[in-house]
Amino acid sequence: WPSDTDPDAELQAILDRELERQNTTIQLIASENFTSPAVIAATGSVLTNKYSEGYPGKRYYGGNAVVDEAEDLARRRVCDLFGAEHANVQPHSGANANLAVYLAFLEAGDTVLGMSLDHGGHLTHGSPVNISGRMYDFVPYGVTESDERLDYDRIRDLAVEHRPKMIVAGATAYPRVIEPEPLRAIADEVGALLMFDAAHIAGLIAGGAHPNPVPHADVVTFTTHKTLRGPRGGCILTRSEHAAAIDKAVFPGLQGGPLEHVIAAKAVAFREAADPSFRTYAAQIVANAQALAQALGQQGFRLVSGGTDNHLMLVDLRPFDADLTGKAAQEVLDRAGITLNRNAIPDDPRSPFVTSGLRIGTPAVTTQGMTETEMPLVADLIARALRHRDDDAELSAVRDEVTTLCAKFTPYR
Ligand code: PLP
């Protein structure tokens, strides 16, 4: 091997710097997490060498007897974890999982109800810049002006008016519980399929901190790398009656060869999520988010919808400082060693590239071992950095405190 004699020093230096960044800065991106060494090991395993188009027992290449066992293990574990009848663990990402569901059930031009991007939905829920919005006729629903929450009566009215073939539930920036049961009732009333995109909250569901949509939805999609703490990828759960249609849509409909090394890592993550300690983890993610939201409120920030029930909060920056945009805040916090992302707040007057808000999540800091005890300090560091954003000395003092805090909770030693 060339690399035995000639190690790739150039790439290694980059990897070392990314490890250092993850170990020494606070990760508050709601869709990120730290995976276990076992997940990382499976992702870096020899399964990356194997072509295995098809499904266990029905492959288009030889040599798949062992790979079949790995994929079967992942399917079995995820069905047990969520109480599902059938699983497809091959989607390369959450976006692919969603597209596969659309491909399985919809024709071009069909009407679908989905949460609008600027109220917290995902690009794949019908945004005009995404293939979902170009192929299908998505009718958006959003949160109310008064309490910034979903109003199931309004969703019902829209469903009755537009008679969608499918209702898509789920969000990428919504801090409250999404109830599967009222959505099932609406779907039944208008004869629609119900797809629940649980990308963000899959770990909370697995850990018993949020209601499980699997008994209520026709199909549930999710990503494996957010609260669920697995490798980067997607997954689809469905009832047996839809199994063949979903499998056909993923392969050969949308993808070629599956990433069996990632599927093996998904199997590892599903096992970890079935451990009783994961219930404690899921509850702690929510407790941390609630403690952080409360502390940010005390620092003068406004929380969209007044707080959070899950792993994330949306912060409206305007009451804190009317001139501070989400973009500027994200950049200042990056300099202070606090990583998060700007996010539109409902009916944001600023463009999606600039925004008036921040999205903040607690899955990663919870994995590191932080609890409610550290959350007031995290809120204080955020507020101080933003208040003194033009003061280099103060930003550097915050950066030092961030380093000290992270040294107590280093994810990878
Ligand atoms: N669905 C939702 C609700 C999401 O939040 C995301 C990602 O943030 C996705 C789908 C897409 O996942 P991926 O980035 O793996 O394509």
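The values are calculated or read from the model by the stated rules, or taken from the named source; none is laboratory data. Only a predicted model underlies this, so the values are computations on that prediction, with no experimental measurement involved. Virtual Cβ from ideal backbone geometry, glycine too; neighbours counted across all protein chains shown.
Points worth noting:
- The set of residues from the stretch 187-218 being within 13 Å of the ligand (Cβ to nearest atom), over 10 Å from the mean Cα position of the chain (by Cα) and assigned to a strand (DSSP E or B) comprises 195, 196.
- From the options 119, 125, 92, residue that is more than 16 Å from residue 168 (Cα to Cα), within 17 Å of the chain's Cα centre (by Cα) and within 16 Å of the ligand (Cβ to nearest atom): 92
- Selected residue (criterion: nearest to residue 26 (Cα to Cα)) from residues of the stretch 321-359 that are part of a loop (DSSP other than H, G, I, E, B) and touching a strand residue (DSSP E or B) at 6+ places or on another chain (Cβ under 7 Å): 337
- Residue 74 falls short of the stated requirement of being within 16 Å of the ligand (Cβ to nearest atom), within 20 Å of the chain's Cα centre (by Cα) and at pLDDT 95 or above.
- Failed item, numbered, when residue 407 is tested on (1) at negative phi; (2) surrounded by 12 or more Cβ atoms within 10 Å (Cβ to Cβ): (2)
Residues checked against (1) at positive phi; (2) hydrophobic (A, V, I, L, M, F, W, C); (3) free of Cβ contacts under 8 Å to residues at least 24 places away in the same chain:
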{"residue": "331", "(1), (2), (3)": "no, no, yes"}
{"residue": "351", "(1), (2), (3)": "no, no, yes"}
{"residue": "358", "(1), (2), (3)": "no, yes, no"}
{"residue": "371", "(1), (2), (3)": "no, no, no"}
{"residue": "374", "(1), (2), (3)": "no, no, no"}
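- Screening the candidates 111, 124, 172 for the property of being surrounded by 17 or more Cβ atoms within 10 Å (Cβ to Cβ), over 20 Å from residue 347 (Cβ atoms), among the hydroxyl-bearing types (Ser, Thr, Tyr) and modelled with pLDDT of 95 or more yields one hit, 124.
- Only one entry in 182, 175 is more than 16 Å from the ligand (Cβ to nearest atom) and of a type outside the set (A, V, I, L, M, F, W, C), namely 182.
- Any hit, the stretch 268-285, residues being outside any helix (DSSP H, G or I) and not acidic (Asp, Glu): no
- Filter result (under 19 Å from residue 282 (Cα atoms) and outside any helix (DSSP H, G or I)) within the stretch 360-393: 360, 361, 362, 368, 369, 370, 371, 372, 373, 374
- Qualifying residue in the stretch 268-280 (condition: among the polar types (S, T, N, Q), at pLDDT 95 or above, buried (at least 18 other Cβ atoms within 10 Å of the Cβ) and more than 16 Å from the ligand (Cβ to nearest atom)): no
- Test for residue 16: is it more than 30 Å from residue 211 (Cβ to Cβ), assigned to a helix (DSSP H, G or I) and either in contact with a strand residue (DSSP E or B) (Cβ under 8 Å, 6 or more places away or on another chain) or of a type in the set (Val, Ile, Thr) (or both): no
- Residues satisfying the criterion are absent from the stretch 307-320 (criterion: in a helix (DSSP H, G or I), touching a Pro at 6+ places or on another chain (Cβ under 8 Å) and surrounded by 24 or more Cβ atoms within 10 Å (Cβ to Cβ)).
- Residue 150 vs. criteria of a type in the set (A, V, I, L, M), in contact with a Lys or Arg (Cβ under 8 Å, 6 or more places away or on another chain) and away from the ligand (no atom under 16 Å from the Cβ): no
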